[in-house]
Structure formats: C-alpha cells, structure tokens
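First the structure, in the form of structure tokens, and then the observations on it.
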Amino acid sequence: MSDVEDEVQDEEQESEQQLEETTPDIARGDEEEDEDEEGEKEGEEAEEPEKEEEPPHVPLTEEMLKEGLSLLCKTGNGLAHAFVRLELKDKELTDISVLQSFIHLRYVDLSQNALHDLSPLGALTHLLSLRVDQNRLLSMKGLGELPYLQIVSLAQNRIQTLQGLALPRLESLNLIGNKLSSLEDLDCSKLCSLHTLELRGNQIASTAGLNLSNLKELYLAQNNIKTLEGLESLVNLTSLHLRDNQLETLDGFSEKMKALQYLNLRGNLLATLQETHKLKCLPMLRALVLRENPCEEEEGYRMETLITLPHLQRLDKDFFEDEERTEAAETQRMRLEEGMAESSNE
C-alpha cells in the first residue's frame, strides 16, 4: 500500500465528518416533507433580472492563502508537514491558479466566490473533500481524475452539463440549484463509488442516464420530470425523492429495484390511486409519500393504498395501525371471494 493510500485511510474518519460540513442541511426523509414552499415560488414571481456584469478580476494571493490554511498534518512520505485544509469563502475570487502548487490540500472550501474555472484543482491529487457552492461555474470540467476525492458540493452554480466528471472514489455529489436539464451526459462508468446524488432544484425532464448501480440515495425534487426511465440499473437505491415534479404516471419502476424503501412523490400530478399498482414490483418499499397529488382526494385514500401495497409501514407522515392492517386484509379477502363468485356464475 502506498504512502498516499495510508494517509487517506488515516483521514477516513475526518473525511466522514467533512461530509456533514460540506453537504448542506438538505431534506432527508420526513424533513424533506416539511420544507417551506413559499421560498420555492418567489423566483417564479420575481421580475427577470438585468444582465449581470462580469465581476472584477480578483486572483487568489499568497497572503489570502495564509489566512485560510489550517490543519497541519504529515505529508505522504511522513517526513514533512503541510497544511491540508483551506477555507476561502466570500472573497470575490475569480482566479485560483496559485493553488496548483499546494498539492497537499485535502479539504477545500471556496464557496461564495465568482469562480468560472476549477482547472487549478486538478493538481491537488490528495484532495478528499471539495466545496465550491455559490460560484459561477458552468461545468465541472477541470477537476481531472482526482484519485481520492470523495465529497463534492457545487450547489447554486450555473452548471448545465455533467461531462468531465471522472472521480473513481467519489461518494457524495451535491448539485442543488444548477441549470441541468439532462442526466444522459454523465459518465457513470467513472463514478463507480457514488452512493449519494443530490440534484434538487434543476430543470431535469427525465431520469434517463443514471446507470449507477451503487447509488443509495437520489434526490430529484423540484425538477421538471415527466417520465421515469433507466431506473432498473439502480439496484442498491434505498431512497428516491421525486417531490414537486410533473409525473402523471408511475411507469418506469422495476422489479430490479429490490432495495428501495422510501419513495417521495409529493406534489406531482398523479390523478388516480390506480397508479400505485405499478409500485407492487418494489418488495422493500416501506414508506410512501403521496400528499398534494390529485389522488389524495380519492375516497378511502389510506385504505386503498394499503390494500394495494400491504408491506407499507407508513403513508405520508402517518404509520399504519394494526387495526388498519386488519381491515385492509379483510377487505382484500372479501373482494377476492366476490371476484371468484362472479367468475363461477359466468
């Protein structure tokens, strides 16, 4: 095992802690259901902003670097020490070329600047965690193939394409609030370790292109998704968030999705509970959110859903009681008997 790999393993625990620091407090499970929706609609009603002027050129200087560096650690050969953490938030930076020389950096936060280009970071081969939220990025090109990078957060940029992402150990990718309309340019073969993908608040119209067999959590709320495609490859997915999209049907779910336990469909266009029959192929589904769909108004909403999906533990925020399960089973038995009787009379 190389010195660099030893070093990465020594930092594994700290890297996990960085996941909490570099990923925003995004919706998870029930928390997603409680988001304030007023803020989501403000942008729709606001007047179209005037064309932005380019920010003045602000290069990163060595003096600024010294202020942002911390966490002194041994370098790969164990014979020297170097600062491995850099935080330079809200400095109006447009140029970070000087970072190419700081090859020992492992944790970098450049949020709230004015960066267009990440190519200087391609030299940071020890990098474990990167956060560049609220900048002016149009793509992720420039990161190269950083061998140990595990956590990337590029929320609130202007990214329109997923091309150029080749990070073999990347585990968590946050792209909240960008300009993505398609996922089909994602090179999934170069993201074999990815288990958490956050794509909330983009302009995505379809799930096609997500051939990520190790993915466990997928967040697609607040997009323009009308069709579910390519889900059969998500064999290890446990949580799928599709709140506030444009789904009218539930075509696209696959019996290969044997690990899916949580499915949030709140705020879509599902007109009838008949669509829930298409979820019978999901053997591990335990929690389903259907609030704010037209089908919520159907008579017997909870009971009919439980009859269709008897393995559910809860619908929306409420767990099913034993009495409800007993009633659902009895109703289903009676319907089967009535159906058999009608068949014998024909």
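Taking the numbered list (1) assigned to a loop (DSSP other than H, G, I, E, B); (2) in contact with an Asp or Glu (Cβ under 7 Å, 6 or more places away or on another chain); (3) of a type in the set (K, R) in turn, K258 passes all entries but (2). Looking across the stretch 117-138, just one residue is among the polar types (S, T, N, Q), more than 15 Å from L167 (Cα to Cα) and in contact (Cβ under 8 Å) with a residue 24 or more places away in the chain, and that is N135.
Looking at G142, is it open to solvent by 10 Å² or more (accessible area, probe 1.4 Å) and touching a helix residue (DSSP H, G or I) at 6+ places or on another chain (Cβ under 8 Å)?
Details: open to solvent by 10 Å² or more (accessible area, probe 1.4 Å): yes; touching a helix residue (DSSP H, G or I) at 6+ places or on another chain (Cβ under 8 Å): yes.
Yes, satisfied.
Count of the stretch 313-324 residues, restricted to those that are open to solvent by 40 Å² or more (accessible area, probe 1.4 Å) and under 21 Å from L260 (Cβ atoms), is 4.
Is it the case that the stretch 216-232 has a residue that's touching a Cys at 6+ places or on another chain (Cβ under 8 Å) and open to solvent by 30 Å² or more (accessible area, probe 1.4 Å)? I'd like the intermediate steps shown before the answer.
Filtering the stretch 216-232 for residues touching a Cys at 6+ places or on another chain (Cβ under 8 Å) gives none.
Checked the stretch 216-232: no residue is touching a Cys at 6+ places or on another chain (Cβ under 8 Å) and open to solvent by 30 Å² or more (accessible area, probe 1.4 Å).
Of all the criteria given as (1) more than 28 Å from the chain's Cα centre (by Cα); (2) in a helix (DSSP H, G or I); (3) surrounded by 10 or more Cβ atoms within 10 Å (Cβ to Cβ), the one not satisfied by P310 is (2). Just one of the listed residues (L199, L170, L149) is under 12 Å from the mean Cα position of the chain (by Cα) and either at pLDDT 95 or above or farther than 23 Å from V84 by Cα (or both), and it is L199. Look at L170 and say whether it is surrounded by 20 or more Cβ atoms within 10 Å (Cβ to Cβ), touching a strand residue (DSSP E or B) at 6+ places or on another chain (Cβ under 7 Å), farther than 23 Å from N113 by Cβ and not β-branched (V, I, T). Considered against the rule, which asks whether it is surrounded by 20 or more Cβ atoms within 10 Å (Cβ to Cβ), touching a strand residue (DSSP E or B) at 6+ places or on another chain (Cβ under 7 Å), farther than 23 Å from N113 by Cβ and not β-branched (V, I, T), L170 comes out as no.
In summary, T276 fulfils each of the numbered conditions (1) out of contact with any helix residue (DSSP H, G or I) (no Cβ under 7 Å at 6 or more places or on another chain); (2) buried (at least 19 other Cβ atoms within 10 Å of the Cβ) with the single exception of condition (1).
The values are calculated or read from the model by the stated rules, or taken from the named source; none is laboratory data. The structure displayed is predicted, hence computed values, not measured ones. Virtual Cβ from ideal backbone geometry, glycine too; neighbours counted across all protein chains shown. Quick note on the areas: whole protein, heavy atoms, side chains included, nothing else; ligands and nucleic acids left out. Shrake-Rupley method; radii C 1.70, N 1.55, O 1.52, S 1.80 Å.
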